[in-house]
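S.K.: Sharing a structure with you now.
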Amino acid sequence: MTKHVAVLMGGWNNERPVSLMTGAGCAAALRTAGYQVTEVDVGRNIADVLARLKPDVAFNALHGPFGEGGYIQGVLELLEIPYTHSGVLASALAMNKHQAKILFKAAGIPVTDHVVVSRGEAARAHVMAPPYVIKPIADGSSFGVFIVKAETSHPPQELLREDWTSGEEMMVERFIPGRELTCAVMGDVALGVTEIVTDRTFFNYEAKYSNGGATHILPAPLKPKIYDKVQQFALAAHAALGCRGLTRCDFRYNDAAGEDGELVLLEINTQPGMTEVSLAPEQAAHAGHSYSELCAWLVEDASCNR
């Protein structure tokens, strides 16, 4: 019997447009793979919608706190609908960058020094010597992220905007110069390492989702031992939080710092972008898994109690 898959997409936060792109791509790929697919634009009545729909599997294509922070995972657990990607606890931990860093550090994975402050404190005065990065403690797609350069006399006052939607807790962390690297984990296998090159200030929302915003170099031109280390740390981060399915870890690598440089893990993404040209699907393709095969693998990997 053909499995009925509900692809959960959209939502109501900053990352809605990205989620709609991810969901549309995954739905098309799953139809190609032979599944019965229903695309669900998620609203706050999602529990009622799913109770009526009764899918065999929920494919989580949501981004942002509701989709990545353990909330939708909890709804799916209550409804006893098997779902893709990570479970309640791992999702909640990964979404909170401060809590995730505590566990990464305990697992021996190098991370940057940081402090957690309110939005007002971050805007009032430097809470650490610049250069540093300010980011919301629980948001995605680089929303609300600022790089404060060494010569900057005052923190960014955009933090005090009345239309701010990225939360009140901010993480301020030491800026690591150098190269942007990322590595996806599929099940218990680390995929390839990609270097992301952009002419933007950093790999921000515009660089991620606009045509020509960034170049993906796969495999990344690294010394073999550094390439292996990125993969090892990605696997270790995935395991440290108890993640499942597909994740992607983002790193900074300063190859000018000593003989082997300085490699640090920035964060883990439990709901990486899943358009056909997104980073994780590119890495899966490089490992021999087509886009439709990757989406089908996620459906077959789905379960409750993740």
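S.K.: Please determine whether any residue of region 132-141 is crowded, with 19+ Cβ neighbours inside 10 Å and out of contact with any strand residue (DSSP E or B) (no Cβ under 8 Å at 6 or more places or on another chain).
M.R.: yes
S.K.: Then there's this: Among the residues of region 113-136, are any touching a Phe, Trp or Tyr at 6+ places or on another chain (Cβ under 7 Å) and on the phi > 0 side of the Ramachandran plot?
M.R.: Taking every residue of region 113-136 in turn, none turns out to be touching a Phe, Trp or Tyr at 6+ places or on another chain (Cβ under 7 Å) and on the phi > 0 side of the Ramachandran plot.
S.K.: Does any residue in region 278-290 that is under 14 Å from GLY245 (Cα atoms) and without any contact (Cβ under 8 Å) to a residue 40 or more places away in the chain come within less than 6 Å, Cβ to Cβ, of a residue that is aliphatic (A, V, I, L, M) and assigned to a helix (DSSP H, G or I) six or more places away or on a different chain, and which pairs are these?
M.R.: PRO281/LEU294
S.K.: What pairs come out if I take residues in region 157-181 that are in contact (Cβ under 8 Å) with a residue 60 or more places away in the chain and pair them with residues that are part of a helix (DSSP H, G or I) and among the basic types (Lys, Arg) whose C-beta lies under 6 Å away, six or more apart or interchain?
M.R.: Going by the 6 Å Cβ cut-off, the qualifying pairs are MET171/LYS97.
S.K.: Could you check region 274-306 and list, in sequence order, the residues that are over 21 Å from LEU76 (Cα atoms) and assigned to a loop (DSSP other than H, G, I, E, B)?
M.R.: Step one: list which residues in region 274-306 are over 21 Å from LEU76 (Cα atoms), which gives 275-294.
Of everything in region 274-306, those that are over 21 Å from LEU76 (Cα atoms) and assigned to a loop (DSSP other than H, G, I, E, B) turn out to be THR275, GLU276, VAL277, SER278, ALA287, GLY288, HIS289, SER290.
S.K.: Kindly list, by first and then second residue, each pair from a residue in region 224-249 that is farther than 11 Å from CYS183 by Cβ and touching a residue at least 60 places away in the same chain (Cβ under 8 Å) to a residue that is of a type in the set (S, T, N, Q) and assigned to a loop (DSSP other than H, G, I, E, B), limited to pairs with Cβ atoms under 7 Å and residues at least 6 apart or on different chains.
M.R.: These pairs meet every condition: CYS243/SER86; CYS243/THR270; ARG244/SER86; GLY245/THR84; GLY245/SER86.
S.K.: Which members of region 107-126 meet the condition of being in contact with a strand residue (DSSP E or B) (Cβ under 9 Å, 6 or more places away or on another chain), assigned to a loop (DSSP other than H, G, I, E, B) and farther than 22 Å from LEU265 by Cβ?
M.R.: Correct list: HIS126 only.
S.K.: Looking at this structure, is LEU159 under 30 Å from ALA24 (Cβ atoms) and either outside any loop (DSSP other than H, G, I, E, B) or modelled with pLDDT of 90 or more (or both)?
M.R.: Considered against the rule, which asks whether it is under 30 Å from ALA24 (Cβ atoms) and either outside any loop (DSSP other than H, G, I, E, B) or modelled with pLDDT of 90 or more (or both), LEU159 comes out as no.
S.K.: Check off (1) more than 20 Å from ALA90 (Cβ to Cβ); (2) in the same structural domain as LYS105 (by TED's automatic domain parsing); (3) touching a strand residue (DSSP E or B) at 6+ places or on another chain (Cβ under 9 Å) for CYS295 and give me the number that stays unchecked.
M.R.: (2)
Okay, residues lined up against (1) at pLDDT below 95; (2) assigned to a loop (DSSP other than H, G, I, E, B):
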{"site": "ASP139", "(1), (2)": "yes, yes"}
{"site": "VAL172", "(1), (2)": "no, no"}
{"site": "PHE203", "(1), (2)": "yes, yes"}
{"site": "LYS208", "(1), (2)": "yes, no"}
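S.K.: Hey, any hits in region 244-251 for a residue that's in the same structural domain as ILE196 (by TED's automatic domain parsing), at pLDDT below 95 and closer than 25 Å to VAL197 by Cα?
M.R.: no
The values are calculated or read from the model by the stated rules, or taken from the named source; none is laboratory data. Note that the structure is a prediction, hence the values are computed from the model and not measured. When we count neighbours, we look across all protein chains shown, and the Cβ atoms used for this are built from the backbone with ideal geometry, even at glycine.
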